[in-house]
Amino acid sequence: MSGITTHVLDTSTGRPAVGVAVRLRSGAAELASGVTDGDGRWVALEPGATPAAAYQLVFATGDYFRGGSFHPRVTIEFAVTDPDEHHHVPLLLSPYGYTTYRGS
């Protein structure tokens, strides 16, 4: 299964971060945009649409926290080297910090 997905969790509430605006970019090109669903998830690229390249997921965290966030935007850069693998990029978020990892 290939593709790029994300899951945003608000660690300040212990709940999914619903309605976070997200953009997927590769270089200067914007490939997709949307918002996280009721479970904090968003599918950026469907399986089979992920060529090997460098990508950036850009999260509008300041808008989510209504301007009360130290990080108004979070950009996660990652590389897809095997287009046949699924790439899940979770974001654990609070108003004053964040972390990410390669999910499954």
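The values are calculated or read from the model by the stated rules, or taken from the named source; none is laboratory data. Keep in mind it's a predicted model, so treat the numbers as computed, not measured. When we count neighbours, we look across all protein chains shown, and the Cβ atoms used for this are built from the backbone with ideal geometry, even at glycine.
Out of the stretch 45-104, which residues are of a type in the set (Val, Ile, Thr) and either touching a Cys at 6+ places or on another chain (Cβ under 7 Å) or surrounded by 13 or more Cβ atoms within 10 Å (Cβ to Cβ) (or both)? Listed by number, the residues that qualify are Thr50, Val58, Thr61, Val74, Ile76, Val80, Val89, Thr100.
In the set Tyr64, Tyr101, only one residue is among the aromatic types (Phe, Trp, Tyr), modelled with pLDDT of 95 or more and over 13 Å from Thr6 (Cβ atoms); that residue is Tyr64. Does at least one position in the stretch 11-31 carry a residue that is assigned to a strand (DSSP E or B), β-branched (Val, Ile, Thr), at pLDDT 95 or above and within 16 Å of Arg102 (Cβ to Cβ)? Checked the stretch 11-31: no residue is assigned to a strand (DSSP E or B), β-branched (Val, Ile, Thr), at pLDDT 95 or above and within 16 Å of Arg102 (Cβ to Cβ). Within the stretch 13-33, the residues that satisfy the criterion of being touching a Leu at 6+ places or on another chain (Cβ under 9 Å), more than 17 Å from Glu77 (Cα to Cα) and without any contact (Cβ under 8 Å) to a residue 40 or more places away in the chain are Arg15, Pro16. In the stretch 67-85, what count of residues is obtained for those that are within 15 Å of Ala21 (Cα to Cα), part of a loop (DSSP other than H, G, I, E, B) and not charged (D, E, K, R)? Final tally of qualifying residues: 4. Would you say Val18 is of a type in the set (Val, Ile, Thr), within 22 Å of Val80 (Cβ to Cβ) and surrounded by 13 or more Cβ atoms within 10 Å (Cβ to Cβ)? The answer is no for Val18. Before we move on, is Glu77 without any contact (Cβ under 8 Å) to a residue 12 or more places away in the chain and either charged (D, E, K, R) or under 15 Å from Pro90 (Cα atoms) (or both)? No: the conditions fail for Glu77.
Residue check: Thr50 meets all listed conditions (1) in a loop (DSSP other than H, G, I, E, B); (2) under 17 Å from Leu9 (Cβ atoms); (3) of a type in the set (Ser, Thr, Tyr) but one, namely (2).
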